[in-house]
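The values are calculated or read from the model by the stated rules, or taken from the named source; none is laboratory data. None of the values given here were measured: they were computed from a predicted structure. Cβ sites come from the backbone with ideal geometry, for glycine too, and all protein chains shown count toward neighbours. Quick note on the areas: whole protein, heavy atoms, side chains included, nothing else; ligands and nucleic acids left out. Shrake-Rupley method; radii C 1.70, N 1.55, O 1.52, S 1.80 Å.
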Amino acid sequence: MKFDYLIVGAGYAGAILAERIASQLDKKVIIIEKRNHIAGNAFDYYDENGVLVHKYGPHIFHTSSKKVYDYLSDFTKWNTYVHHVKAVVEGKPVPIPFNLNSVYELFPKNFSEKLESKLIEKYGYGLKIPILKLKEVDDSDLKFLAEYIYKNVFYGYTLKQWALKPEELDFNVTSRVPVYISRDNRYFQDTYQQIPAYGYTAMFEKILNHKNIRILLNTDYREAIEYIKFDKMIYTGPLDYYFDYIYGQLPYRSLRFEFENFNQSQFQEVGQMNYPNNYDYTRITEFKYLTMQKSINTTVAFEYPQEYIPGINEPYYPIPRDINNELFSKYKAEAEKLDGSVFFVGRLADYKYYNMDQIAGVALQLFEKKIANIR
Ligand SMILES: Cc1cc2nc3c(=O)[nH]c(=O)nc-3n(C[C@H](O)[C@H](O)[C@H](O)COP(=O)(O)OP(=O)(O)OC[C@H]3O[C@@H](n4cnc5c(N)ncnc54)[C@H](O)[C@@H]3O)c2cc1C
């Protein structure tokens with residue numbers, strides 16, 4: 001049998017493209033996935049205690065893209081879940097992103113009022129400001145606040161997460177969690193904040209349930225590619241691996257998760273608790289908040305950042321620095337030479353951190369702009 005498309009990887013990018021090609025173009029697709037499951041890093045499963053957990057770290061779906069939301073809604077019902085995060089600062093859990101409520105939790109009322117009015121006067125209510133930008137402020141009270149937040153919320157967390165100081169990373173990394181001049185304690189402000197009602201894996205099963213789609217699990221694409229006949233390829237794996245590391249390895253940061261089940265219905269006061277200054281882990285996630293599962297026990301994940309060692313652990317986060325971006329652009333130039341016969345897409349092939357809705361949007365766009373036009 002000959003396939004029109006061979007797709008490497010059954011995560012968001014691979015699964016959505018397979019579904020579009022199968023259902024909209026009526027073409028035959030084979031997906032090759034090296035793990036023993038579909039859904040990529042969004043994979044969830046019921047642990048031995050019956051609690052639904054996310055194997056590769058907590059995944060919270062949020063988007064302001066109606067197009068992405070509508071597309072995924074064909075394959076799942078949703079539970080509304082508004083994510084709340086706190087960080088333990090000087091022994092006190094305070095809202096993250098650091099906002100005006102966090103100021104009041106940590107400082108005396110009079111001083112907090114002064115900081116609040118200065119912040120609003122200078123930046124305006126509702127503004128999100130990156131910490132490295134806030135540090136440039138010239139007012140002495142605001143400077144004190146900026147240094148305090150930098151030291152107690154960002155510095156230790158970034159060092160644990162990346163083994164680098166905030167200044168050593170691209171500016172946009174620390175900007176992802178800005179200081180928020182607001183009383184809004186929600187972690188995200190997107191229009192749609194919902195989690196698949198039966199989990200991510202169940203949603204992926206529906207996306208991939210099409211007569212034109214075959215899936216080969218437990219197989220690195222290189223083991224199978226010479227035995228499969230196909231016209232075109234979509235590759236969502238690591239770009240450096242595809243090109244045999246000719247320019248060297250693209251660096252990643254990895255993570256280790258320790259899952260622990262407690263014989264109590266609730267472990268902590270919010271879905272995610274960050275520990276910027278104590279312990280080796282960065283955060284603890286309690287899955288029941290995210291999944292809305294009712295059970296008498298609860299499972300949490302302690303998250304330990306670690307160095308990425310190929311073949312030993314997972315490449316989780318590209319490390320956004322100039323030197324790594326330069327290396328990536330060499331591989332990108334190789335990839336462009338294959339344009340039209342191999343499409344490279346996804347967090348690993350683009351060496352880029354995407355949220356789930358972003359990669360879903362990128363995959364839909366690739367389908368419309370490049371694939372649906374090709375006959
Ligand atoms: C810890 C963590 C938490 C996250 N939390 C959130 C969140 O809360 N909200 C959010 O929106 N996003 C979150 N994300 C991002 C989300 O995981 C990504 O957007 C999404 O997984 C990207 O999908 P993808 O298809 O590009 O990649 P992946 O999901 O990684 O899929 C790629 C697939 O390709 C397979 N593959 C790779 N190489 C080969 C090969 N050689 N042969 C065969 N198969 C191969 C892999 O096994 C994998 O299954 C998080 C990411 C991490 C790391």
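At-a-glance table
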{"quantity": "Unique residue being in contact (Cβ under 8 Å) with a residue 12 or more places away in the chain and open to solvent by 40 Å² or more (accessible area, probe 1.4 Å) when the list is TYR81, TYR157, TYR71, TYR150", "calculated": "TYR157"}
{"quantity": "Enumeration of residues in the stretch 6-36 that are more than 6 Å from the ligand (Cβ to nearest atom) and either open to solvent by 10 Å² or more (accessible area, probe 1.4 Å) or at pLDDT below 95 (or both)", "calculated": "GLU19, ARG20, SER23, GLN24, LEU25, ASP26, LYS27, LYS28, ILE30, ASN36"}
{"quantity": "Only listed residue being more than 11 Å from the ligand (Cβ to nearest atom) and more than 30 Å from ALA163 (Cα to Cα), chosen from ILE207, ILE246, ILE234, ILE225", "calculated": "ILE207"}
{"quantity": "Filtered residue count, the stretch 160-176, keeping only those that are farther than 18 Å from GLN306 by Cα and free of Cβ contacts under 8 Å to residues at least 12 places away in the same chain", "calculated": "1"}
{"quantity": "Which numbered condition ASN49 fails, given (1) in a loop (DSSP other than H, G, I, E, B); (2) within 24 Å of GLY11 (Cα to Cα)", "calculated": "(2)"}
{"quantity": "Selection within the stretch 37-63 - open to solvent by 30 Å² or more (accessible area, probe 1.4 Å), within 16 Å of the ligand (Cβ to nearest atom) and more than 16 Å from the chain's Cα centre (by Cα)", "calculated": "TYR45"}
{"quantity": "Residue count, the stretch 339-367 (criterion: aromatic (Phe, Trp, Tyr), closer than 19 Å to LEU327 by Cβ and crowded, with 20+ Cβ neighbours inside 10 Å)", "calculated": "2"}
{"quantity": "Qualifying residue in the stretch 105-115 (condition: under 20 Å from the mean Cα position of the chain (by Cα) and open to solvent by less than 20 Å² (accessible area, probe 1.4 Å))", "calculated": "no"}
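Let's see how each residue does on (1) open to solvent by less than 30 Å² (accessible area, probe 1.4 Å); (2) part of a helix (DSSP H, G or I); (3) within 30 Å of VAL342 (Cα to Cα):
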residue: VAL177; (1), (2), (3): no, no, no
residue: SER182; (1), (2), (3): yes, no, no
residue: ARG186; (1), (2), (3): no, no, no
residue: GLN189; (1), (2), (3): no, no, no
residue: ILE215; (1), (2), (3): no, no, yes
residue: GLU223; (1), (2), (3): no, yes, yes
residue: ILE234; (1), (2), (3): yes, no, yes
residue: ASP240; (1), (2), (3): yes, yes, yes
residue: GLY248; (1), (2), (3): yes, no, yes
